[in-house]
Amino acid sequence: MKKMMQMVAAIVLCLGLALPAAAAEPIKIGALYNLTGGMSSIDAPSLRGAQLQAKLINDAGGLLGGRMIEIVGVDTKTDQKDSAIGAKKVLSEGIVAGIGYSDPAFVLPAAPLFQKKGIPFVTSGATLPTLPMMIGDCMFMTPFGDDDQSFAIADYSTNALKLKKIAVWTDNSMDFTKTMSRFYKQRIKENGGEIVLEDFFMMGDKDFSAQIARLKAANADAVFIASIPNEAGLTVKQIREAGLDLPILSGDGFDTELVSTVPGKTLANNVYFSTHTYREDTRPEVLAFVKAYTETYNTPPENAFAALGFDAVGLIANAIKQAGSAEPADIKKALAATDGYPAVTGKITYSRPSGVPVKGVAIISVQGGDYKVENIWYPKAQ
């Protein structure tokens, strides 16, 4: 048998052939998303964006001389307990980094488990600016912080729309929404405006008639609604059906087609929200992403969260390239040194001491169900 193997090897060498090499080990990235439940309309597109980025990188030859990216996805069902369970699951599967989520309420049960293992976690959509400080040096954010997006829509409220008296509705079940309202109220007051009403609801609420009655009595110029997507469309619909045509303001929780499809085009008017720079942007990165997403999924990107998922994987891939390594410690170090990464949602630089990028914020209007970029707001240098 030994002599036969030697003969086979000699023939292979003589013919100039090579024995097939073992396939390079994939680079596994864990992806935690709420694909069902109240966050699904923004988390599902985010996962698709992440998977698209991995596909494009793999189609181009992969990383580190041919290693393919493998996205290990888990649906955590808009449930905080499932977030921790999902984190444990992907951490047991040999991942080198993690991505996911569009709200800090789900990052907080999961990311500390990554921190404990020394594995970087890049949230694609959670915008609580203190997340990296709360979790540790393995925590990075793809989006801007809630302070920036809240200040952006507050400045637009007072400076562009000339609003003075504003009511604030807050989903009191989410960290993201409570933080948004806090920063929004702070900036409105700094700009000389007045908060004439503060009202609350909970995720999953269907009837806003009580809040609408109080809104009518408040004689407000506008209402700011800090909500996730499920309640975004419902609140617009019910406010307009009640005969109120005052401006409705919000943050990136309103960056969903539900704002137009739930109330319908005739009612989806006079809505303004701050979100990630993406819609109607003509940068090459944006145009290439839209084309690839549309060709892959037979639909245009549903919202900016699709682009954020794409960017989260792009950040990790860029860090792997810069480090020349797929070891978690090397990825973490390279992520922290990211400077001017050309993401779809704007250039990303971690120049702040935390893992929060400095980025532009888009102001979007909705009139007759159509979305339009009104302004791009930039944070002051810090």
Scanning the stretch 261-280 for residues that are buried (at least 22 other Cβ atoms within 10 Å of the Cβ) and over 14 Å from Arg240 (Cα atoms) gives Tyr272, Phe273, Ser274, Thr275, His276, Thr277, Tyr278
If the Cβ limit is 6 Å and pairs must be 6+ apart or interchain, which residue in the stretch 82-109 that is more than 15 Å from Leu35 (Cα to Cα) and outside any helix (DSSP H, G or I) pairs with which residue that is of a type outside the set (A, V, I, L, M, F, W, C) and at pLDDT 95 or above?
-> Gly94/Lys28; Ile95/Lys28; Ile95/Gly30; Val96/Pro328; Ala97/Pro120; Gly98/Gly30
Being modelled with pLDDT under 95 and of a type in the set (D, E, K, R) is the filter; apply it to the stretch 239-264 and report the residue that is farthest from the chain's Cα centre (by Cα).
-> Glu257
Is there a residue being aromatic (Phe, Trp, Tyr) and either in contact with a Gly (Cβ under 7 Å, 6 or more places away or on another chain) or modelled with pLDDT of 95 or more (or both) anywhere in the stretch 359-372?
-> no
So Glu285 clears everything in (1) crowded, with 24+ Cβ neighbours inside 10 Å; (2) not assigned by TED's automatic domain parsing to the domain that holds Ala160 except one condition, right? Which one?
-> (1)
Pick from the stretch 214-244, criterion assigned to a helix (DSSP H, G or I) and of a type in the set (S, T, N, Q), ranking: farthest from Phe176 (Cα to Cα) | Gln238
If only one of Ile228, Ile239 is touching a Gly at 6+ places or on another chain (Cβ under 6 Å) and not polar (S, T, N, Q), which one is it?
-> Ile228
If we keep just the residues of the stretch 301-353 that are without any contact (Cβ under 8 Å) to a residue 60 or more places away in the chain and among the β-branched types (Val, Ile, Thr), which is surrounded by the fewest Cβ atoms within 10 Å (Cβ to Cβ)?
-> Thr349
Looking only at the stretch 178-222, which residues are in contact with a Phe, Trp or Tyr (Cβ under 9 Å, 6 or more places away or on another chain) and under 18 Å from Pro104 (Cβ atoms)?
-> Met180, Ser181, Phe183, Tyr184
Hey, does the stretch 265-273 have a residue that's within 20 Å of the chain's Cα centre (by Cα) and at pLDDT 95 or above?
-> yes
Please indicate, with yes or no, whether at least one residue in the stretch 245-260 is assigned to a helix (DSSP H, G or I), touching a Pro at 6+ places or on another chain (Cβ under 9 Å) and exposed (fewer than 15 other Cβ atoms within 10 Å of the Cβ).
-> no
Condition test on Gly309, is it modelled with pLDDT under 95, closer than 20 Å to Ser124 by Cα and in a helix (DSSP H, G or I)?
-> no
Only residues in the stretch 28-45 that are within 16 Å of Asp311 (Cβ to Cβ) count as the first member; pair them with residues that are of a type in the set (Gly, Ala, Ser) and assigned to a helix (DSSP H, G or I), Cβ under 6 angstrom, at least 6 apart or cross-chain, and list the lot.
-> Ala31/Ala50; Pro45/Ala306
Filter pass, Ala220 being over 26 Å from Phe121 (Cα atoms) and surrounded by 18 or more Cβ atoms within 10 Å (Cβ to Cβ) = yes
Positions within the stretch 47-77 being in a loop (DSSP other than H, G, I, E, B) and of a type in the set (S, T, N, Q), in sequence order = Thr76
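The values are calculated or read from the model by the stated rules, or taken from the named source; none is laboratory data. In this text the structure is predicted, and so the values were computed from the model without any measurement. Neighbour counts run over all protein chains shown; Cβ positions are idealised from the backbone, glycine included.
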